[in-house]
Amino acid sequence: MACSMIYAGPTEVQFHAASRRAAGASFFVVGRDAAGIKSSPEATWNPDDDMYDANHARFALQMSPVLEDARMALLSFDKFYYDKTDHQMKALDPSREDDFISISGSKMRKLAAQGATPCRDPIPSDLLAANCVPQGFMVPSGWAIVCDYYQNIESPDWIPWSKAVVQPLVDENTVAHGTYGKTDFAVFLTRGNKQASPWHDIPLVVPTTTSAAVSSTAQFNMITEIPKHTSAKMEVMKDKWSNPIMQDTNKDGSPRYYTYGVPFFNYGLLPQTWEDPHMISDEGFGGDNDPLDVIEVGESPLALGSVTEVKVLGSLELIDEGETDHKIIALRTSDPRSVSINDVKDLENHVPGLTARLVDWLKMYKTSDGKAINVLSNSGEPTSRLEAVSIISECHEKWTELVATGASEYPEFWLGHSGKN
């Protein structure tokens, strides 16, 4: 186990080293950690200068009793410089000081905030004035992330900790257009050589040799909109041709991200279902006008746009801003645990505490955006599998009615070739 040292003074560096050793770390990296701590402007001996020598923290730690029993090795390093002759970071060669540039953390942050671009040869000594970063200092993709951070860190709408910096896992039976993280990104499902609507063209029930109807023993198809451990709020667009999966937007038009943290489950919908706003619950709330949502609790992410056979375990009823928003809890049938997990109670036996985590997420995930805590019906107790299947059956019937007659009442919906085109 190895841990790196983050900014700290000579006293605190010993605390960090001791705590990491107690946690089982075998190596501890320490360098010029206390260098940037400034003295008081009223100091008589070093006003506005560094309070400590650049190597003070490292020297203090080297003499510390923390290292006496040799359970943790200290990895000490000196300041490195950029060598303009071969574009490498290395220790300073005193015999040719003019060939080296000091690129401190402060300088790097200023360059990133300025959106510095790659330098051309010969590399200038004053990088800030030239507004460039020398080649070899950082890989271009990494530098782009650093610039994005320091250019947007003051924006109240920027969410650096939850933005994915990698391309999403997209199902092979889809076609993606645009740039992930931008409002033009769209994923279209395909079947054969034709585009298909994830809402209308994928069957709800996985057909068997005996039946393709909703029943207590049926398995269902789930369309994944938000893969596990990703934060971009992707969803099927009800109003667009073929209902592509796109990123939801905030009121100002910017792409929406979960800010409460990345989901620890796969999130999607059940095709050929619809929560009718005219369908009033016992609590007096109408449906949210969307397909039924699914929370899949398998151990790995499902690809964006994938169609997965799932077993229904139960459901939670969320009251979201005055609307009923059922969350079907399911497990993919390919999960080895699905043989012994048939309902939420079985799930809790296999993964203790998971239900409470789901309830917490659904109640709290909007609070990080300044919104109120959500409410769950039945005090957050999940329904049985049979009750969840009954909800699915009712929402499937409402979808059937919508496709048959809904084009006039809901002209904004794209309902496939059977409805609005």
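The values are calculated or read from the model by the stated rules, or taken from the named source; none is laboratory data. Owing to the predicted nature of the structure, the values given are computational and were not obtained by experimental measurement. Cβ placement follows ideal geometry from the backbone for every residue including glycine, while neighbour counts extend to all protein chains displayed. For accessibility, only protein heavy atoms count, side chains too; no ligands or nucleic acids. Shrake-Rupley method; radii C 1.70, N 1.55, O 1.52, S 1.80 Å.
Seen through its C-alpha gyration tensor, with square-root eigenvalues sorted a ≥ b ≥ c, the stretch 306-421 comes out oblate because a/c lies at 1.5 or above while a/b is not bigger than b/c. Of the trypsin sites (Lys or Arg not before Pro) in the stretch 339-421, the ones in a loop by DSSP (not H, G, I, E or B) with at most 15 other beta carbons within 10 Å are Lys371.
Accessible surface of the chain, 1.4 Å probe: 53 percent of it comes from carbon and sulfur atoms.
Short-range pairs are left out: with C-alpha atoms under 8 Å and at least six residues apart, the relative contact order of the chain is 10 percent.
In whole angstrom, note down how far apart the Cα centers of the stretch 253-305 and the stretch 338-355 are. One Cα centre to the other: 21 Å. For each pair in Lys311/Lys366; Lys194/Lys228; Lys238/Lys327; Lys194/Lys311, compute the distance between the two Cα atoms and list the pairs where it is over 24 Å. Among Lys311/Lys366; Lys194/Lys228; Lys238/Lys327; Lys194/Lys311, the Cα-Cα distance tops 24 Å for Lys311/Lys366; Lys194/Lys228; Lys194/Lys311. Could you tell me whether the stretch 228-333 comes out rounded, prolate or oblate from its Cα gyration tensor? Rule is a ≥ b ≥ c as square roots of the eigenvalues, rounded for a/c under 1.5, then prolate if a/b exceeds b/c, otherwise oblate. Taking the square roots of the gyration eigenvalues as a ≥ b ≥ c, the stretch 228-333 is rounded.
In the set [x] -0.28, -0.76, -1.06; [y] -0.39, -0.85, -1.02; [z] -0.24, -0.70, -1.02, the label that goes with log10 I(q)/I(0) by the Debye sum over Cα atoms at q = 0.06, 0.10, 0.12 Å⁻¹ computed for this structure is [y]. Qualifying trypsin sites (Lys or Arg not before Pro) in the stretch 89-191, where qualification requires a DSSP coil assignment and no more than 12 other C-beta atoms within 10 Å, comprise Arg120, Lys182. Give me the base-10 log of I(q)/I(0) for the stretch 178-286 at each q in 0.10, 0.13 Å⁻¹, Debye formula, one uniform scatterer per Cα, rounded to two decimals. The Cα Debye sum returns log10 ratios of -0.38, -0.63. The lysines whose alpha-carbon is closer than 20 Å to the alpha-carbon of Lys107, local same-chain residues fewer than 8 away aside, are Lys38, Lys79, Lys84, Lys90.
A cut-off under 11 angstrom between Cβ atoms defines the neighbours of Lys228, and their net charge, with Lys, Arg +1 and Asp, Glu -1, is -2.
Within the chain, the longest segment free of exposed loop sites, counting GluC sites (Glu not before Pro) that fall outside DSSP classes H, G, I, E and B and have at most 13 other Cβ atoms within 10 Å, spans 173-282. Within the straight-line cut-off of under 16 Å between alpha carbons, the aspartates and glutamates reachable from Lys182 are Asp148, Asp157, Glu225, Glu235, Asp248, Asp252, sequence neighbours fewer than 8 places apart in one chain being disregarded. Can you bin the stretch 97-256 into rounded, prolate or oblate? Criterion: square roots of the alpha carbon gyration tensor eigenvalues sorted a ≥ b ≥ c, rounded for a/c under 1.5, prolate for a/b above b/c, oblate for the rest. Here the stretch 97-256 falls in the prolate category.
Computed over the chain, the per-residue total of -39500 (n - 2.57) for DSSP H runs of n ≥ 4 gives a 222 nm mean residue ellipticity of -6500 deg cm²/dmol, rounded to 500. Among the chymotrypsin sites (Phe, Trp or Tyr not before Pro) within the stretch 71-103, which fall in a DSSP loop and have no more than 16 other Cβ atoms within 10 Å of their own Cβ? Answer in residue order: Phe77, Phe80.
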